[in-house]
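Written below as structure tokens is the structure these notes are about.
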Amino acid sequence: MSEHSVLILSDKDESSQAWLDAFRQRGLEAESVPSAASALDRWQAAVPMLTVVDLSLPVEESLQICRDLRALGGAPILLILPSANGNVILEAHRAGVTECLIQPASPAVILLKALAWSMRAGWAWPVSGPISPMGFSE
């Protein structure tokens, strides 16, 4: 992983594959891992530009994973939640999450978030066309 990469921590094969395809179409290095241990290993090797966390776990377990990642670096963490209220979102931010999205989260939204964060970090990645709701160029 490099600082221009996206790490997807997900146990949902279909959505993680859609996100991988969307990021790769845009010229980003993207990798998906199924476990927190794998994500922590990747962060210890090199903190990615963005990490998307979308796990079928109780919220508190997902938040602990985010705390563990945050302890390793300051890169953005996007947490996908099945549902949320203000307290859950507040706890997520306290755990080091940069932003929360509620399912279903489209690849297009995540691509736009990644573009915004990359611009804040001072580098650009290729955007070779419009981003459709499915995350692919039309």
- Long-range amide H partners of VAL52 with built H, under 5 Å: LEU7, ILE8, LEU9, LEU78
- Task: For the range 39-98, just the Cα set please: Rg and Dmax, both in angstrom.
- Result: 10.9, 34
- Message: For a quick size check, give me the Cα extents of the range 1-109 along its three principal axes, largest first, whole Å.
- Response: 36, 28, 19
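A short reminder: the numbers here are calculations on the coordinates, not readings from a lab. Being a predicted model, the structure only gives us computed values, none of them experimental.
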